[in-house]
Amino acid sequence: MSDAKSYVKKIQEQLHEKDPNQKEFLQAIDEFLPTMVPFLEKHPEFEEANLLALVSEPERLIQFRVPWQDDKGNWQVNRGYRIQFNSALGPYKGGLRFHPSVNLSILKFLAFEQIFKNSLTGLPIGGGKGGSDFDPKGKSDSEIMRFCQSFMTELARHIGPDLDVPAGDIGVGGREIGYLYGTYKRLKQYDAGVLTGKPLGFWGSKVRTEATGYGAVYFVKHLLNDLKDDFNGKKVIVSGSGNVAIYAVEKLQELGANVVTVSDSNGFIYDETGIDVSLLKEIKEVKRQRLTAYAEQKESAQYFAGQSVWDFDTSADLAFPCATQNEIDLEQAKLLVKNGVKVVSEGANMPSTLEAAEYFIENGVLYCPGKAANAGGVTVSALEMSQNSQRLQWESEEVDQKLDDIMKNIYEACRDTAKEYGEENNFVLGANIAGFEKVAKAMLAQGLV
Ligand code: NDP
Ligand code: 2IT
């Protein structure tokens, strides 16, 4: 075994021993560390500085109690977290997730991947993530407001526009960011740049709402362009029906693709005439209803209750998983390959299991990992921080063009780095090495901190 190989193995084993129960974090580690072997063979200085051990350890973990009162007057309590993983390239940056499944392992995997995603954007942001095991489903608007106020009452002491800048993720959108921002301002002072994904009326950036979905499509646009191909007439499977999914569908259709599915945790919609994105927005963003309402209002739509869209046996060209981690397992990956899927672009974070991702790569699928393909959201978040510092709001065209340019840079970095290391089309290796290199250089230059 080469030096680099045994070093990587040692770090992996240490992490497994320290936190054997952190399943999702260890999955992200097991995906990332082995791709570092060829890089360390070329750059032994990073191994000498033991940088893989350093980068796998969060700089700081914050956990706190979030007490709140429901509409019936009952006292409730949830857990709040913020993981400040790496600040080598700038203030900690990453979303807040409100979902009952949230725990330390899930947030550590998200924050760890965020380090390399943020590095790939080329913008000055470090990696972080946070959230709560609070379940927003079925809560009234006033319950959401009280929860957000209590959450921020504690979080405010740990964040700041040059320290740590949260944004949205699952269960956290413009409404929640508005309430969180209001409480931060009350406790501290006006500091628009302390949160991103703010509503457009008070210091939000145009195109932030659309950015993650659009970005995942732009990534593939540049990939298809390399192959002298485009989206025209392509049949696409999209999962999820939240922020990322909606705007992936919108951009895919604008570029000529036919998107036939969306899903949620209760089932999925198959609409062979193509998903009606304005109806989807009305149902999800305005009325905050479930997908069953879509099937009730659109004749051509079929609703499959209790089923995963990834078990749906239908031919397709492209797949955009935009719901959550580990939604595609090995069997489902096999089904996608059998059905003709050539490109998988991950709007969600780590939606493919390790085995599924390996299967895609081994079977010639152009597999675009979340930490590269879904970087559009955090990209426009960082542009929102720039606009807040300038106290200006840029026009949509300007933000959208910058987003497209940055997604092109990220795609090219993944493509070229994979090629440089003799692993053409392995965008996981490309993203990991290109993302890590900048972080590692900054860490080395800043000394042992
Ligand atoms: P939303 O809360 O807007 O939507 C989440 C969607 O995923 C919903 O349709 C939801 O269905 C579904 N979903 C969530 N959890 C599960 C589950 N356990 N099983 C099945 N379906 C589930 O979140 P976003 O669209 O913002 O986030 C989606 C993914 O994209 C996440 O992985 C997130 O980390 C990632 N992402 C988000 C970014 C952003 O800017 N928002 C940026 C980069 C990545 P249901 O309503 O039934 O729960
Ligand atoms: O996973 C992600 O990149 C996000 N949820 C967005 C983070 C951000 O700071 O905009």
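May I ask you to list the residues in region 173-197 that are among the β-branched types (Val, Ile, Thr) and either within 16 Å of ligand 1 (Cβ to nearest atom) or in contact (Cβ under 8 Å) with a residue 60 or more places away in the chain (or both)?
Ile177, Thr196
Show the residue pairs that are 6+ apart or on different chains and have beta-carbon atoms under 6 Å apart, the first residue being within region 144-168 and among the aromatic types (Phe, Trp, Tyr), the second being modelled with pLDDT under 95 and within 14 Å of ligand 2 (Cβ to nearest atom).
none
Is it fair to say Ile115 is out of contact with any Leu (no Cβ under 6 Å at 6 or more places or on another chain), farther than 16 Å from Ala167 by Cα and β-branched (Val, Ile, Thr)?
It is false that Ile115 is out of contact with any Leu (no Cβ under 6 Å at 6 or more places or on another chain), farther than 16 Å from Ala167 by Cα and β-branched (Val, Ile, Thr).
All but one of (1) assigned to a helix (DSSP H, G or I); (2) within 24 Å of the chain's Cα centre (by Cα); (3) among the hydrophobic types (A, V, I, L, M, F, W, C) hold for Ile269; state the number of the condition that does not hold.
Result: Ile269 fails condition (1) only.
Pick out, from region 27-134, the helices (runs of 4 or more DSSP H) lying fully within it that include 1 or more residues that are crowded, with 19+ Cβ neighbours inside 10 Å and in contact with a Pro (Cβ under 7 Å, 6 or more places away or on another chain).
Passing ranges, in order: 104-120.
Table: residues versus (1) outside any loop (DSSP other than H, G, I, E, B); (2) at pLDDT 95 or above; (3) within 16 Å of Lys234 (Cα to Cα).
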| site | (1), (2), (3) |
| --- | --- |
| Tyr303 | yes, yes, no |
| Asp313 | no, yes, no |
| Ala319 | yes, yes, yes |
| Ala333 | yes, yes, no |
| Leu336 | yes, yes, yes |
| Glu355 | yes, yes, no |
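Kindly check whether there is at least one residue in region 228-246 that is under 24 Å from Arg60 (Cβ atoms) and either touching a Ser or Thr at 6+ places or on another chain (Cβ under 6 Å) or away from ligand 1 (no atom under 15 Å from the Cβ) (or both).
The answer is no; no qualifying residue exists.
Looking for something among the β-branched types (Val, Ile, Thr) and in contact with a strand residue (DSSP E or B) (Cβ under 6 Å, 6 or more places away or on another chain) - is there at least one such residue anywhere in region 18-41?
no
The values are calculated or read from the model by the stated rules, or taken from the named source; none is laboratory data. Computed from a predicted model, the values in this text were never measured in an experiment. All Cβ positions, glycine included, derive from the backbone under ideal geometry; neighbour counts span all protein chains shown.
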